[in-house]
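Asker: Have a look at this one.
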Amino acid sequence: MQKHLDQFRQDLHLIPETSFTEFKTQKYLLTALQNMGYNPVKIAETGLYVYIDNHHSETIAFRTDIDGLPLQEETGLSYQSTHPGYMHACGHDGHTAMLLGAAKYLSETRNFDGTVVVIFQPAEEGGGGGREMCEDGMMDRFNVQEVYGMHNWPGRPVGSFAIRSGAFFAATDIWDIEIEGKGGHAAKPQETIDSTVVGSTLVLALQTIASRNADPIGQIVVSVTSFETSSKAFNVIPQRVHLKGTVRTMSGEMRDLAETRMKEISAGIAATYGAKIEVNYKRNYPVMVNHEEHTAYAAEAARAVSGDCSEAPLVMGGEDFAFMLEERPGAYILVGNGDTAMVHHPLYNFNDEAIPAGCSWWAEIVERRMPAS
């Protein structure tokens, strides 16, 4: 079975697709699941789910993500991405293979009394596929009582597990700022309102949200990730500057503070320089919060599989599984990927040696939470 799951994973690695464009991936999964005897159903345009009904009312949902990233792969693997400019740089191909393996095992053994909904979710990487599935009513439609998710973690020993109760992954807000100055000749700055100076001042000032406005023990990250001007010439002071970035927080209080201070700081700098600044702040993924009781269930299953489950650190990355955990109790766990490049890196590759641990953890959750009578 390991050989087949490795092949699943490597086949998926060849065809990475970004949010809501996962049509080849969906087609591949449809065929794989049908060959296992399932009747997959499409959801959220490019997602899928299968329903394993053992004629009992209790229902557990498992979710994995299937999308890739807009990143050029540099691994040189024999199964390197065939889609230029796109790669599975976060291991969603591996997550999907692990859940395929668990689905195959559950279909063959049926060693549980209950119902399992296996979800292959598109658009985790910023697209909010988890939110769309919740808004579509998936949790209510199947009367889901619990939901579980998993992510690989480079730097941890292969197949080892880590988890934490409560806030785990950060809220991931995104923002963009339009600065309007007065352009002109670079040799006559006195006749302009220099939007590059305004933008540069703003980039530095935004860092004071974390360093001087937030409680030092609060978790907050404010990052400017793009600085674009309306001019590409050497001798023109641009009329406009466009900034983009992200804010990561672990609490509603920090989230409110970041948005409020970003707007206040922008207004102050606009007044200082005589420029116009428009802030567009979008609250994206919420904080992902593991439920205490279900974190314990997940950790017990992990210890049964690997012999250990350690305390995971807080993660300032985002995860749209948060929407599902807002709808239903459950937990999200990390599984070790070994000494590999970090996720979102052009040299990253999911470690196939982690597949058995992931498959076993999914199955262990089912058999422990819904044991056969």
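The values are calculated or read from the model by the stated rules, or taken from the named source; none is laboratory data. Quick caveat: nothing in here was measured; it's all calculated off a predicted structure. Neighbour counts are summed over all protein chains in view; Cβ atoms, including those assigned to glycine, are modelled from backbone coordinates with ideal geometry.
Asker: So, in region 186-198, exactly how many residues are surrounded by fewer than 21 Cβ atoms within 10 Å (Cβ to Cβ) and part of a helix (DSSP H, G or I)?
Answerer: Final tally of qualifying residues: 5.
Asker: Let me ask another. Just one of Ser306, Ser266, Ser231, Ser251 is hydroxyl-bearing (Ser, Thr, Tyr) and in contact with a Phe, Trp or Tyr (Cβ under 9 Å, 6 or more places away or on another chain); which is it?
Answerer: Sole residue among the options that is hydroxyl-bearing (Ser, Thr, Tyr) and in contact with a Phe, Trp or Tyr (Cβ under 9 Å, 6 or more places away or on another chain): Ser306.
Asker: Okay, moving on. Being within 24 Å of the chain's Cα centre (by Cα), in the same structural domain as Asp352 (by TED's automatic domain parsing) and modelled with pLDDT under 95 narrows it down to one of Glu58, Glu45, Glu74, so name that one.
Answerer: Glu45
Asker: Would you mention how many residues in region 117-133 are part of a loop (DSSP other than H, G, I, E, B) and under 21 Å from Ile333 (Cα atoms)?
Answerer: 6
Asker: Could you list, in sequence order, all residues of region 194-210 that are closer than 15 Å to Ala267 by Cβ and out of contact with any Phe, Trp or Tyr (no Cβ under 7 Å at 6 or more places or on another chain)?
Answerer: Hits for region 194-210 are Thr201, Leu202, Ala205, Leu206, Thr208, Ile209.
Asker: In region 62-86, what residues are touching a His at 6+ places or on another chain (Cβ under 8 Å) and either within 15 Å of Ser19 (Cβ to Cβ) or not in a loop (DSSP other than H, G, I, E, B) (or both)?
Answerer: Those that are touching a His at 6+ places or on another chain (Cβ under 8 Å) and either within 15 Å of Ser19 (Cβ to Cβ) or not in a loop (DSSP other than H, G, I, E, B) (or both): Thr64, Asp65, Ile66, Asp67, Gly68, Leu69, Leu71.
Asker: I'm trying to understand the selection: among the residues of region 134-185, which are of a type in the set (Gly, Ala, Ser), under 19 Å from Glu124 (Cβ atoms) and assigned to a loop (DSSP other than H, G, I, E, B)?
Answerer: Scanning region 134-185 gives a single hit, Ala170.
Asker: Of the numbered conditions (1) assigned to a helix (DSSP H, G or I); (2) surrounded by 19 or more Cβ atoms within 10 Å (Cβ to Cβ), Ile277 fails exactly one; give the number of that condition.
Answerer: Evaluating Ile277 over (1) assigned to a helix (DSSP H, G or I); (2) surrounded by 19 or more Cβ atoms within 10 Å (Cβ to Cβ) leaves (1) as the failure.
Asker: Hey, another quick one. Could you check how many residues of region 256-274 are basic (Lys, Arg) and either modelled with pLDDT under 95 or surrounded by fewer than 19 Cβ atoms within 10 Å (Cβ to Cβ) (or both)?
Answerer: Here the count works out to 1.
Asker: Oh, and also: Across region 25-61, what is the number of residues that are assigned to a loop (DSSP other than H, G, I, E, B), out of contact with any Pro (no Cβ under 8 Å at 6 or more places or on another chain) and small (Gly, Ala, Ser)?
Answerer: 2
Asker: Yes or no: Ile269 farther than 30 Å from Ala322 by Cα and assigned to a helix (DSSP H, G or I)?
Answerer: When the stated conditions are applied, Ile269 passes them.
Asker: Can you spot a residue in region 99-116 that is part of a strand (DSSP E or B) and buried (at least 24 other Cβ atoms within 10 Å of the Cβ)?
Answerer: Yes; the residues of region 99-116 include at least one that is part of a strand (DSSP E or B) and buried (at least 24 other Cβ atoms within 10 Å of the Cβ).
Asker: Among the residues that make up region 199-220, is at least one of them in contact with a Gly (Cβ under 7 Å, 6 or more places away or on another chain) and surrounded by 15 or more Cβ atoms within 10 Å (Cβ to Cβ)?
Answerer: No, that holds for no residue.
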